[in-house]
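Structure first, commentary second.
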Amino acid sequence: MRVLVVEDNAFLAEMIAEGMRRDAITVDVALDGVSALRKLQFGDYDVLVLDRDLPGMHGDEVCRRLVAKGLLTRVLMLTASVTVAERVEGLSLGADDYLTKPFAYEELLARVLALGRRVQPALPPVIERAGITLDTARRQADRDGAALSLTRKEFAVLETLMRANGAVVSGEDLIEKVWEENAGYDTNPVRVTLSRLRTKLGGPPVIETVPGAGYRIAASAPSRQHAAEAPGSPDTPGPADTPRSDIARSADTSGSSGSSDSERAGR
């Protein structure tokens, strides 16, 4: 999930951003309305956390222009306005939710996650695919019942691939969704993160590389137990899978019928 936080209080904006980054959410920050609109034009954001009283351009105008462009970004207005009339006015501009200051970070996070789910049609907070279970609300993941210890980037990459529901996601799209705006379009961080993620997911492999296109989660994959029981699997190698050095070692230790144990030990 990618979020833009627009708040003229730099300290509060960074506090919100750092909290969300710890929860594996990609966050950019703008301190005024003009900068916010510029970022919205070039960034693909799922949720906009928007303060109303902004310098440069009022938050209401930012919301109007966002709605006029038909962008799918969901808007959570964050403001000190407390009257019912003011809240109604904000929602009538096209905002999807409204939260007054002061607020609890846990409530803000819950509302942002709820809005993020609405950007993707009919996707529940718990996503299951190919033996992987991803609980986006609790930021937990497991494969075949075994918990996965993922960094926030690994979790975000896995979530993006899971939400694609089998569709191919390019490296550039992963950069756009998971990394902050200053990451550029160098896909090397994607490859490194995917390598670590694949290691943690273990076998059999579930993340497929589509040459020249990107990556996807396989529609289905055998469980680790079934893979271990399958003939010729990596966990149960047959003769063809036995390394050459092991075959030679076996031949050396078998010896001829005339060789004694002491002779073999003295080699």
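The values are calculated or read from the model by the stated rules, or taken from the named source; none is laboratory data. Remember, it's a predicted structure, so these values are computed and weren't measured experimentally. Reconstructed Cβ throughout: ideal geometry from the backbone, glycine too, with neighbour counts over all protein chains shown. Just the protein is used for accessible areas: all its heavy atoms, side chains included, with ligands, DNA and RNA removed. Shrake-Rupley method; radii C 1.70, N 1.55, O 1.52, S 1.80 Å.
May I ask you to verify whether Val168 is touching a Phe, Trp or Tyr at 6+ places or on another chain (Cβ under 8 Å), open to solvent by 40 Å² or more (accessible area, probe 1.4 Å), closer than 30 Å to Gly43 by Cβ and at pLDDT 85 or above? Step through it out loud before you land on a result.
Working: touching a Phe, Trp or Tyr at 6+ places or on another chain (Cβ under 8 Å): yes; open to solvent by 40 Å² or more (accessible area, probe 1.4 Å): yes; closer than 30 Å to Gly43 by Cβ: yes; at pLDDT 85 or above: yes.
Here the answer is yes, as Val168 does meet what is asked.
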Matching entry among Val157, Val119, Val192 (being among the hydrophobic types (A, V, I, L, M, F, W, C) and at pLDDT below 85): Val119
Residue, surrounded by the fewest Cβ atoms within 10 Å (Cβ to Cβ), within the range 89-109, restricted to residues that are of a type outside the set (Asp, Glu) and at pLDDT below 80: Ser92
Residues that are of a type outside the set (A, V, I, L, M) and touching a residue at least 24 places away in the same chain (Cβ under 8 Å), drawn from the range 90-121: Gly90, Gly94, Phe103, Tyr105, Arg111, Gly116, Arg118, Gln120
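Can you tell me which residue is surrounded by the fewest Cβ atoms within 10 Å (Cβ to Cβ) among those in the range 191-216 that are in contact with a helix residue (DSSP H, G or I) (Cβ under 9 Å, 6 or more places away or on another chain) and in a strand (DSSP E or B)? Full working, then the answer.
If we filter the range 191-216 for residues that are in contact with a helix residue (DSSP H, G or I) (Cβ under 9 Å, 6 or more places away or on another chain), which is where we start, we get 191, 193-194, 196-197, 200-207, 209, 214-216.
Right, trim to in a strand (DSSP E or B) and you get 207, 209, 214-216.
On the way: Ile207: 19, Thr209: 14, Gly214: 20, Tyr215: 21, Arg216: 18.
Among residues in the range 191-216 that are in contact with a helix residue (DSSP H, G or I) (Cβ under 9 Å, 6 or more places away or on another chain) and in a strand (DSSP E or B), the one surrounded by the fewest Cβ atoms within 10 Å (Cβ to Cβ) is Thr209.
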Unique residue being within 30 Å of Gly202 (Cα to Cα) and out of contact with any strand residue (DSSP E or B) (no Cβ under 7 Å at 6 or more places or on another chain) when the list is Leu71, Leu113, Leu93, Leu134: Leu113
The range 175-187, subset open to solvent by less than 70 Å² (accessible area, probe 1.4 Å) and either farther than 13 Å from Ala156 by Cα or at pLDDT below 80 (or both), residue nearest to the chain's Cα centre (by Cα): Glu180
Among (1) modelled with pLDDT under 90; (2) in contact with a helix residue (DSSP H, G or I) (Cβ under 8 Å, 6 or more places away or on another chain); (3) at negative phi; (4) not β-branched (Val, Ile, Thr) - the single one Met20 does not satisfy: (1)
